Amino acid sequence: DVKVTQSSRYLVKRTGEKVFLECVQDMDHENMFWYRQDPGLGLRLIYFSYDVKMKEKGDIPEGYSVSREKKERFSLILESASTNQTSMYLCASSLAGLAKNIQYFGAGTRLSVL
Amino acid sequence: DQQVKQNSPSLSVQEGRISILNCDYTNSMFDYFLWYKKYPAEGPTFLISISSIKDKNEDGRFTVFLNKSAKHLSLHIVPSQPGDSAVYFCAASAVKGSNYKLTFGKGTLLTVNP
């Protein structure tokens, strides 16, 4: 079974803090993704990475950055947290080179910025 | 512009009856479609998928139908069970030459009443 682990289930941070969300997958997947989920808006892609040290912007990258130094780990960074970044953050991974493009998700991190 | 649309935010059905969740897409390059199920405070879990070369795929109580000419897919759950109560997301990708992104709909909340 694919396992995608997000380091925290719940986080509370203050406005202006630098926040790190960590994600680790154990299936040697090439692709990794960060989404946020908000009521009525579905899942929106923030950033993704298809290889170590490679990253591409998703649909809503503003206010976020990412780091992928190792294949199994993909970090999402909020440089200066703001209240409008309060959300559920979801990490996912997938294999490259397959016709079946299935992403596997972690349990999510509920971030509250006060 | 939403490329994947789930026009029903919610659906309520009786236990034992059929649940039909609908999804429309606009991008004719999409060639692989997925359904995910999400419980509150958990990450989405992959449910079933279909390639554009097929018009139906079945897995136990779950069947996905694809109508390419109408750019429409649907998920049928028969019989519905209370444990099926969750948010269902439709997703699509253009696998050929893609960067493995998935485009998600906004989700449909299914409630199965005992």
Applying the selection to segment B:1-20, what residues are within 14 Å of chain A (Cβ to nearest Cβ) and either polar (S, T, N, Q) or not in a loop (DSSP other than H, G, I, E, B) (or both)? B:GLN2, B:GLN3, B:VAL4, B:LYS5, B:GLN6, B:ASN7, B:SER8, B:SER10
Answer with yes or no whether A:SER65 is touching a strand residue (DSSP E or B) at 6+ places or on another chain (Cβ under 8 Å) and in contact (Cβ under 8 Å) with a residue 24 or more places away in the chain. no
Mind checking which strands (runs of 3 or more DSSP E) fall wholly inside segment B:50-95 and carry at least 1 residues that are on the phi < 0 side of the Ramachandran plot and β-branched (Val, Ile, Thr)? B:62-67, B:72-77, B:86-93
Within segment A:23-69, how many residues turn out to be outside any strand (DSSP E or B) and acidic (Asp, Glu)? 6
Lone qualifier among B:VAL64, B:VAL87 - being without any contact (Cβ under 8 Å) to a residue 60 or more places away in the chain, within 14 Å of another protein chain (Cβ to nearest Cβ) and in contact with a His (Cβ under 8 Å, 6 or more places away or on another chain): B:VAL64
Taking into account only those residues within segment A:32-45 that are within 14 Å of B:LYS101 (Cβ to Cβ) and in contact (Cβ under 8 Å) with a residue 40 or more places away in the chain, which is farthest from the chain's Cα centre (by Cα)? A:LEU43
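Quick grid of which residues meet (1) touching a Ser or Thr at 6+ places or on another chain (Cβ under 9 Å); (2) surrounded by fewer than 13 Cβ atoms within 10 Å (Cβ to Cβ); (3) of a type in the set (Gly, Ala, Ser):
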| residue | (1), (2), (3) |
| --- | --- |
| A:LEU11 | yes, no, no |
| A:VAL24 | yes, no, no |
| A:LEU43 | no, no, no |
| A:LYS55 | yes, no, no |
| A:TYR64 | no, no, no |
| A:SER67 | yes, no, yes |
| A:LEU78 | yes, no, no |
| A:THR83 | yes, yes, no |
Can you run down the residue pairs with Cβ atoms below 7 Å, 6 or more apart or on separate chains, where the first is in segment B:22-41 and closer than 13 Å to B:ALA70 by Cβ and assigned to a strand (DSSP E or B) and the partner is open to solvent by 40 Å² or more (accessible area, probe 1.4 Å) and among the small types (Gly, Ala, Ser)? B:ASN22/B:SER8
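The values are calculated or read from the model by the stated rules, or taken from the named source; none is laboratory data. Predicted model only: the values in this text are computed from it and were never measured. No Cβ is skipped: glycine too gets one built from the backbone with ideal geometry, and neighbour counts run over all protein chains shown. The accessibility values were calculated without ligands, DNA or RNA, using every heavy atom of the protein model including side chains. Shrake-Rupley method; radii C 1.70, N 1.55, O 1.52, S 1.80 Å.
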